[in-house]
Amino acid sequence: MTSRGRVQSGATLVELVITIVIISVAIAGVVGAFALITGRSADPLNQTRAVELAQLYMDEILTQRYDNQTPVGGMPPYSGSCNIGPESGETRAGFDDVDDYHNLTDDPPATLQGPVAGYTGFSVSVTVACAGGQVGLASEDAKRIDLTITAPGGQDFAFSAYRANF
(Lines give C-alpha, C1' and ligand atoms only; values in the text may rest on other atoms or scores of the structure.)
Protein backbone atom coordinates (compact mmCIF):
# COMPACT_ATOMS: atom_id res chain seq x y z
CA MET A 1 0.00 0.00 0.00
CA THR A 2 1.22 3.39 -0.85
CA SER A 3 0.27 6.64 0.76
CA ARG A 4 -0.16 8.63 -2.36
CA GLY A 5 -2.70 11.30 -1.58
CA ARG A 6 -1.82 11.77 2.04
CA VAL A 7 -0.54 15.25 3.01
CA GLN A 8 0.86 15.91 6.42
CA SER A 9 -0.30 19.03 8.26
CA GLY A 10 0.98 20.73 11.41
CA ALA A 11 3.93 22.82 12.51
CA THR A 12 7.51 21.90 12.75
CA LEU A 13 9.53 22.30 15.89
CA VAL A 14 11.39 25.28 14.41
CA GLU A 15 8.15 27.09 13.62
CA LEU A 16 6.90 26.57 17.20
CA VAL A 17 10.12 27.91 18.72
CA ILE A 18 10.05 31.01 16.49
CA THR A 19 6.40 31.65 17.44
CA ILE A 20 7.21 31.38 21.17
CA VAL A 21 10.12 33.82 20.81
CA ILE A 22 8.01 36.39 18.94
CA ILE A 23 5.19 36.18 21.52
CA SER A 24 7.71 36.49 24.39
CA VAL A 25 9.23 39.65 22.92
CA ALA A 26 5.77 41.18 22.43
CA ILE A 27 4.72 40.37 26.01
CA ALA A 28 7.95 41.81 27.40
CA GLY A 29 7.29 45.08 25.54
CA VAL A 30 3.72 45.33 26.81
CA VAL A 31 4.74 44.57 30.40
CA GLY A 32 7.47 47.23 30.19
CA ALA A 33 4.98 49.81 28.93
CA PHE A 34 2.56 48.99 31.75
CA ALA A 35 5.34 49.30 34.32
CA LEU A 36 6.21 52.77 32.99
CA ILE A 37 2.57 53.88 32.96
CA THR A 38 1.80 52.64 36.47
CA GLY A 39 4.95 54.24 37.83
CA ARG A 40 3.76 57.65 36.64
CA SER A 41 0.05 57.26 37.27
CA ALA A 42 0.22 59.10 40.62
CA ASP A 43 1.92 62.20 39.17
CA PRO A 44 -1.22 63.88 37.74
CA LEU A 45 -3.15 63.06 40.90
CA ASN A 46 -0.43 64.55 43.11
CA GLN A 47 -0.27 67.65 40.91
CA THR A 48 -4.01 68.18 41.17
CA ARG A 49 -4.01 67.64 44.91
CA ALA A 50 -1.05 70.01 45.34
CA VAL A 51 -2.93 72.75 43.46
CA GLU A 52 -6.02 72.21 45.64
CA LEU A 53 -3.93 72.35 48.80
CA ALA A 54 -2.11 75.49 47.62
CA GLN A 55 -5.44 77.15 46.89
CA LEU A 56 -6.66 76.31 50.40
CA TYR A 57 -3.58 77.89 52.00
CA MET A 58 -3.43 80.90 49.67
CA ASP A 59 -7.12 81.65 50.31
CA GLU A 60 -6.47 81.63 54.05
CA ILE A 61 -3.34 83.80 53.79
CA LEU A 62 -4.59 86.35 51.25
CA THR A 63 -7.77 87.08 53.21
CA GLN A 64 -5.64 88.44 56.07
CA ARG A 65 -4.69 92.10 56.48
CA TYR A 66 -1.48 93.41 54.89
CA ASP A 67 0.12 94.21 58.23
CA ASN A 68 -0.85 93.89 61.88
CA GLN A 69 -1.46 97.66 62.02
CA THR A 70 -3.53 97.82 58.84
CA PRO A 71 -7.11 98.80 59.71
CA VAL A 72 -9.99 96.49 58.80
CA GLY A 73 -10.90 97.18 55.18
CA GLY A 74 -7.33 98.22 54.38
CA MET A 75 -7.90 101.99 54.29
CA PRO A 76 -5.89 104.01 54.93
CA PRO A 77 -2.97 101.85 53.77
CA TYR A 78 -0.31 100.90 56.29
CA SER A 79 2.48 103.49 56.21
CA GLY A 80 5.23 101.85 58.28
CA SER A 81 8.15 99.66 57.32
CA CYS A 82 7.65 96.15 55.99
CA ASN A 83 7.46 93.69 58.89
CA ILE A 84 7.82 89.93 58.46
CA GLY A 85 6.90 87.22 60.96
CA PRO A 86 4.30 86.70 63.65
CA GLU A 87 4.12 89.00 66.63
CA SER A 88 5.61 87.69 69.86
CA GLY A 89 3.70 84.69 71.22
CA GLU A 90 1.26 84.61 68.28
CA THR A 91 0.13 81.17 67.13
CA ARG A 92 -1.63 80.17 63.95
CA ALA A 93 -5.05 80.57 65.58
CA GLY A 94 -4.18 84.24 66.12
CA PHE A 95 -2.59 85.01 62.74
CA ASP A 96 -4.20 88.24 61.59
CA ASP A 97 -1.91 89.48 58.82
CA VAL A 98 -0.09 88.03 55.82
CA ASP A 99 3.43 88.04 57.24
CA ASP A 100 2.42 86.00 60.30
CA TYR A 101 2.56 82.94 58.02
CA HIS A 102 6.30 83.39 57.41
CA ASN A 103 8.16 80.12 58.10
CA LEU A 104 4.94 78.18 58.66
CA THR A 105 5.49 74.45 58.09
CA ASP A 106 2.62 71.96 58.24
CA ASP A 107 3.31 68.26 58.00
CA PRO A 108 0.61 67.01 57.56
CA PRO A 109 -1.29 69.99 56.11
CA ALA A 110 -3.80 71.54 58.48
CA THR A 111 -6.35 74.31 58.83
CA LEU A 112 -7.46 75.94 62.04
CA GLN A 113 -10.00 73.13 62.40
CA GLY A 114 -7.33 70.41 62.26
CA PRO A 115 -5.51 68.22 59.71
CA VAL A 116 -6.77 68.31 56.13
CA ALA A 117 -8.28 64.89 55.39
CA GLY A 118 -6.80 62.90 52.53
CA TYR A 119 -3.41 64.62 52.39
CA THR A 120 -1.29 62.12 54.27
CA GLY A 121 2.31 62.36 53.10
CA PHE A 122 1.98 65.95 51.88
CA SER A 123 3.75 68.85 53.59
CA VAL A 124 3.39 72.61 53.24
CA SER A 125 5.90 75.38 53.88
CA VAL A 126 5.32 79.12 53.58
CA THR A 127 7.71 82.05 53.38
CA VAL A 128 6.81 85.72 53.13
CA ALA A 129 9.13 88.52 51.99
CA CYS A 130 8.90 92.25 51.33
CA ALA A 131 8.79 92.45 47.55
CA GLY A 132 7.30 95.74 46.39
CA GLY A 133 10.30 96.42 44.17
CA GLN A 134 9.53 93.26 42.18
CA VAL A 135 6.15 94.60 41.09
CA GLY A 136 6.96 98.29 40.62
CA LEU A 137 6.00 99.49 44.11
CA ALA A 138 8.01 100.70 47.06
CA SER A 139 9.62 97.76 48.88
CA GLU A 140 7.29 98.11 51.87
CA ASP A 141 4.11 98.20 49.74
CA ALA A 142 3.92 94.53 48.70
CA LYS A 143 4.67 91.16 50.22
CA ARG A 144 5.38 88.01 48.26
CA ILE A 145 4.01 84.75 49.61
CA ASP A 146 5.91 81.64 48.49
CA LEU A 147 4.18 78.35 49.15
CA THR A 148 5.86 74.99 48.59
CA ILE A 149 3.83 71.78 48.60
CA THR A 150 5.81 68.56 48.86
CA ALA A 151 3.98 65.46 47.59
CA PRO A 152 4.47 61.95 49.02
CA GLY A 153 6.89 61.03 46.21
CA GLY A 154 9.16 63.97 47.11
CA GLN A 155 8.01 66.23 44.26
CA ASP A 156 7.95 69.94 45.14
CA PHE A 157 5.29 72.25 43.73
CA ALA A 158 5.96 75.99 44.12
CA PHE A 159 3.28 78.67 44.18
CA SER A 160 3.64 82.44 44.69
CA ALA A 161 1.29 85.37 45.19
CA TYR A 162 1.67 89.03 46.03
CA ARG A 163 -0.31 90.94 48.63
CA ALA A 164 -0.26 94.69 48.12
CA ASN A 165 -0.69 97.31 50.82
CA PHE A 166 -4.34 98.35 50.46
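Listing for the model above:
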{"read-out": "Subset tally (residues that are closer than 18 Å to Glu140 by Cβ and assigned to a loop (DSSP other than H, G, I, E, B)) for segment 87-116", "value": "2"}
{"read-out": "Any chance Asn83 is in contact with a strand residue (DSSP E or B) (Cβ under 8 Å, 6 or more places away or on another chain), within 24 Å of Tyr162 (Cβ to Cβ) and not in a helix (DSSP H, G or I)", "value": "no"}
{"read-out": "Subset of segment 83-116 (residues that are of a type in the set (S, T, N, Q), loosely packed, with under 14 Cβ neighbours inside 10 Å and in contact (Cβ under 8 Å) with a residue 12 or more places away in the chain)", "value": "Asn103, Thr105, Thr111"}
{"read-out": "Yes/no for Val31 being outside any loop (DSSP other than H, G, I, E, B), at pLDDT below 95 and over 30 Å from Val128 (Cβ atoms)", "value": "yes"}
{"read-out": "Where Tyr119 falls short, out of the listed (1) modelled with pLDDT of 90 or more; (2) under 14 Å from Met58 (Cα atoms)", "value": "(2)"}
{"read-out": "Residues that are assigned to a strand (DSSP E or B) and surrounded by fewer than 14 Cβ atoms within 10 Å (Cβ to Cβ), drawn from segment 117-159", "value": "Asp156, Ala158"}
{"read-out": "Yes/no for Asp107 being closer than 22 Å to Phe122 by Cα, of a type in the set (Asp, Glu) and modelled with pLDDT under 85", "value": "no"}
{"read-out": "Yes/no for Pro77 being surrounded by fewer than 17 Cβ atoms within 10 Å (Cβ to Cβ), under 28 Å from Leu45 (Cβ atoms) and not aliphatic (A, V, I, L, M)", "value": "no"}
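Let's see how each residue does on (1) over 24 Å from the mean Cα position of the chain (by Cα); (2) of a type outside the set (D, E, K, R); (3) more than 21 Å from Tyr162 (Cα to Cα):
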site	(1), (2), (3)
Glu90	yes, no, yes
Asp97	yes, no, no
Pro109	no, yes, yes
Pro115	no, yes, yes
Val124	no, yes, no
Thr127	no, yes, no
Gly133	yes, yes, no
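The values are calculated or read from the model by the stated rules, or taken from the named source; none is laboratory data. Being a predicted model, the structure only gives us computed values, none of them experimental. Ideal geometry is used to build each Cβ from the backbone, glycine not excepted, and the neighbour counts take in all protein chains shown.
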